[in-house]
Amino acid sequence: MTDATVTQNTYDAEFGDYYALLKPRVMTLVVFTAAVGLIVAPVPMPFILAFSSILFIALGAGASGALNMWWDADIDEIMKRTQSRPVPSGRVSANSAMIMGLWLSVLSVAMLGLASNWFAAFCLAFTIFFYAVVYSMWLKRSTPQNIVIGGAAGAFPPMVGWAAATGGVAIESVLMFAVIFMWTPPHFWALALFMNEDYSDAGVPMMTVTHGKPHTRRQMWYYTLLLAPIALVISFTSIGGPIYFVAAVVLSAMFIKHAWGVLGRAEDTAIADSYAAERKMFRFSLLHLFGLFTALLVEAAMRALELSPTYWPVWI
């Protein structure tokens, strides 16, 4: 965290301010993908232990968010998108955010270890460390590859969920990780394209700032193309099936279409329509990821009900 002074207001924080420290919108994605990883795993968990495990993974995600808001308070105060967050707006002190993040980190890891197993707890601890230290404190302000490498933090939750159920790692959990890892750059760079001034003003070396928007659009195109086959490969594992395959084909094709539309954009056109194509791709990227993981849930339900086709090939 730099020495920039974060403006402090005079009123006391409310419950909603501390809740906002947890980044609830980001937490929703974390909880959902972690829950899918746990549910599709081949080892069933008692409901109370499964629910508890997901709850503690959510707390770990919230801990990461609080620590990130503590460290990034100075740049959050500069960026219009983040100025209303609890710390830069002065509703919660940076020190309070740090303490809350540290306590939640310890609590979530310890309780996950007790609720499931210590390998899963280690995975959660590493995820918190990676997001708070490797990404927030190092990568975000030092390299335009911040989103690429740092995207691993958001890709770990399904592996943590899988580990909570099985106590280990498998090709299926690695592929779920890979999908989110490859999805993150085009998802976040779409946002960076229409929020570029924020990152430039805050001195964050986002790809759009350091290499320009045309280069960023090309990178989005490449990552989107690489994402499609990874998503499709899951179809032929023990957690895939025909329903997931159809969902992966349709969603991947639509995501590629959005990326193609962004790739061919002239900058004056983008400015004139307020980056409409980039905004559409950002919104669709969320639907894309939720759609893939929802399809995995449907496949798990089909198997549980013994309705899954026996002829579907499992190659991995």
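Between the amide H of Val87 and those of Val92, distances stay under 5 Å, these residues lying 5 or more places away or on another chain, with hydrogens modeled in the peptide plane. Rg/Rh for the stretch 18-135: what does it come to with C-alpha atoms and Rh from Kirkwood? Rounded to two decimals, Rg over Rh is 1.02.
Applying the Karplus relation 6.51 cos²θ - 1.76 cosθ + 1.60 with θ = phi - 60° to the stretch 235-247 yields 3J(HN,Hα) values of 4, 9, 10, 5, 9, x, x, x, 5, 5, 4, 4, 4 Hz, where x marks Gly and Pro.
Gain in length, Leu55 to Arg141, computed as 0.36 nm per residue apart minus the alpha-carbon separation, to one decimal in nm? Could the numbers behind the result be given before it?
On the way: separation 86, 0.36 × 86 = 30.96 nm, distance 3.10 nm.
That works out to 27.9 nm of additional length.
Per-residue Karplus couplings for the stretch 49-64, computed as 6.51 cos²θ - 1.76 cosθ + 1.60 with θ equal to phi - 60°, are listed in order as 6, 5, 4, 5, 4, 5, 4, 6, 5, 4, 4, x, 5, x, 4, 4 Hz, Gly and Pro entered as x. Eigenvalues of the alpha-carbon gyration tensor of the stretch 231-316, scaled by 5 and square-rooted, set the equivalent ellipsoid semi-axes at 35, 12, 7 angstrom, largest first.
Provide the FRET efficiency to the nearest 0.05 for the Leu297-Ser274 pair, computing r from the beta carbons and using R0 = 22 Å.
The pair Leu297/Ser274 has a calculated efficiency of 0.05.
Across the stretch 301-306, computed HN-Hα scalar couplings (Karplus, 6.51 cos²θ - 1.76 cosθ + 1.60, θ = phi - 60°) run 5, 4, 5, 5, 8, 6 Hz from first to last residue, x flagging Gly and Pro. Please give the Cα centre distance for the stretch 209-269 versus the stretch 67-93, rounded to the nearest Å. If you average the Cα positions of each part, the centres end up 32 Å apart. Estimated at 0.36 nm per residue, the fully extended path between Thr210 and Ala304 surpasses their Cα-Cα distance by 28.9 nm.
Ignoring lysines fewer than eight residues from Lys213 along the same chain, the ones with Cα atoms less than 25 angstrom from its Cα are Lys80, Lys140, Lys257, Lys280. Given the stretch 31-95 reduced to its alpha-carbon atoms as identical point scatterers, what log10 I(q)/I(0) does the Debye formula return at q = 0.15, 0.17, 0.21, 0.29 Å⁻¹? Per q value, in the given order, log10 I(q)/I(0) is -0.60, -0.66, -0.78, -1.15.
Applying the criteria of a DSSP loop state and at most 16 other Cβ atoms within 10 Å to the trypsin sites (Lys or Arg not before Pro) of the stretch 78-187 yields Lys80, Arg81.
When the alpha carbon gyration tensor of the chain is reduced to an equivalent ellipsoid, its three semi-axes come out at 32, 28, 14 angstrom, largest first. To the nearest 0.05, how large is the calculated FRET efficiency for Leu287 and Val133 if R₀ is 22 Å and r is the Cβ-Cβ distance? Approximately 0.10, to the nearest 0.05. Computed over the stretch 171-316, the Cα gyration tensor eigenvalues convert (square root of 5λ each) into semi-axes of 34, 14, 12 Å, ordered from largest to smallest. Compared with the alpha-carbon gap, the fully stretched path from Leu232 to Met254 is longer by 6.5 nm at 0.36 nm per residue.
Just so you know, all these numbers are worked out from the coordinates, no wet-lab data involved. From a predicted model like this one, the values you see are computed outputs, not experimental measurements. FYI the Cβ positions are ideal-geometry reconstructions off the backbone, even for glycines, and counts take in every protein chain you see.
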